[in-house]
Amino acid sequence: MDGVMPLAAALYMSSAASLTVGFLAMTVWLVRRGSTAYGWFGLAAVAFGAATLAEPVFYAADSIETFVRALRWQIVFLVVFLASFTWFLKEYTGVRQNWLGYLILGVLAGLLVLNFLSPYTLLYAEITGLRPISLPWGPDIVFAEGSSPGYWPLINLPGLLIVVLFVVGVRRLWRSGERRRTVTISLAFIPFAVAFWVVDPLMEMGLFDAPYVSSFAYLAMILVVAYELAADVAGAAELSDEVKEGERRWRALLDNVELFVTEVDDDGRITYVN
């Protein structure tokens, strides 16, 4: 469908940015294994980038089967994204309530099973057709027309629990004096949460005609968080250089002073002699 092309191009660029930032974050995690937040953030970004690739497919679908197939796999990647993002929030904010994270994972696992058991994905009890949506900048895209399942509150439960986790996390950060991290994660998360859990579901229910906006809101979020993580890496590198310089000066002082200095480890072995 030609009308999808401008939107598809924007979605492909958004996906490419998410995938790039995600792989970079995971590379940092592989180098600095202690920084698990980088790994979870990277996995979340890659999963969301993969989910975004499904949107141009179902926007241009010419049959219900094509639409359902693309939507089903998008949901799979979104479940991986939400699971990874949950653990990123825990690691980044230092939340110690593991039960909350495991509860979110349990609900997501149940939704993933429902997604494969339901003939029209977990978002629909039935799809009766594809309705056209007119965009201001071009011809139509399509979206499903049908009935919602009876377990819609369960679908929204992970979002509610992640918001609770976010509130607990930023409260902890603020109380511990990490104001910059608090502001950064708030500016990154809140607009995306509104787009993902408020605007997109309203569009799915047919209350207004528009494409998903969460893909672009997430792009803004990963850029903000990636900047913060890059600042952490730069700060750690600078601190490492300062430690090495301090050690070099200390060694130089010991080598030039007219005293006999030895360093012995806990096993009684000499590890340094000036």
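The values are calculated or read from the model by the stated rules, or taken from the named source; none is laboratory data. Bear in mind the structure is a predicted one, so any value in this text is a computation, not a measurement. Here the Cβ is made from the backbone with ideal geometry for all residues, glycine too, and neighbour counts use every protein chain on show.
Results, tabulated for the structure shown:
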| read-out | value |
| --- | --- |
| Test: residue in segment 85-99 that is in a helix (DSSP H, G or I) and closer than 21 Å to V213 by Cβ | yes |
| Filtered residues of segment 207-222 (kept if surrounded by fewer than 19 Cβ atoms within 10 Å (Cβ to Cβ) and either under 11 Å from the mean Cα position of the chain (by Cα) or more than 14 Å from F48 (Cβ to Cβ) (or both)) | L207, F208, D209, A210 |
| Segment 119-139, subset buried (at least 18 other Cβ atoms within 10 Å of the Cβ) and of a type outside the set (A, V, I, L, M, F, W, C), residue farthest from W197 (Cα to Cα) | Y120 |
| Sole exception among (1) at pLDDT 85 or above; (2) farther than 15 Å from V57 by Cα for R33, by number | (1) |
| Residue list for segment 95-111, restricted to those being farther than 14 Å from I155 by Cβ and either exposed (fewer than 14 other Cβ atoms within 10 Å of the Cβ) or more than 17 Å from the chain's Cα centre (by Cα) (or both) | R96, Q97, N98, W99, L100, Y102, L103, G106 |
| Where a residue in segment 85-107 is touching a residue at least 24 places away in the same chain (Cβ under 8 Å) and its partner, wherever it lies, is basic (K, R), with Cβ under 8 Å and at least six apart | Y92/R181; T93/R172; T93/R181; G94/R172; V95/R172; G101/K90 |
| Qualifying positions in segment 108-134 - in contact (Cβ under 8 Å) with a residue 40 or more places away in the chain, out of contact with any Asp or Glu (no Cβ under 6 Å at 6 or more places or on another chain) and assigned to a strand (DSSP E or B) | I127, L130 |
| Leading residue by the ranking (surrounded by the fewest Cβ atoms within 10 Å (Cβ to Cβ)) among those in segment 27-69 that are under 16 Å from the mean Cα position of the chain (by Cα) and among the polar types (S, T, N, Q) | T27 |
| Selection count, segment 21-52, where residues are assigned to a loop (DSSP other than H, G, I, E, B) and of a type in the set (G, A, S) | 2 |
| Tally, over segment 169-185, of residues that are closer than 20 Å to A44 by Cα and surrounded by fewer than 17 Cβ atoms within 10 Å (Cβ to Cβ) | 0 |
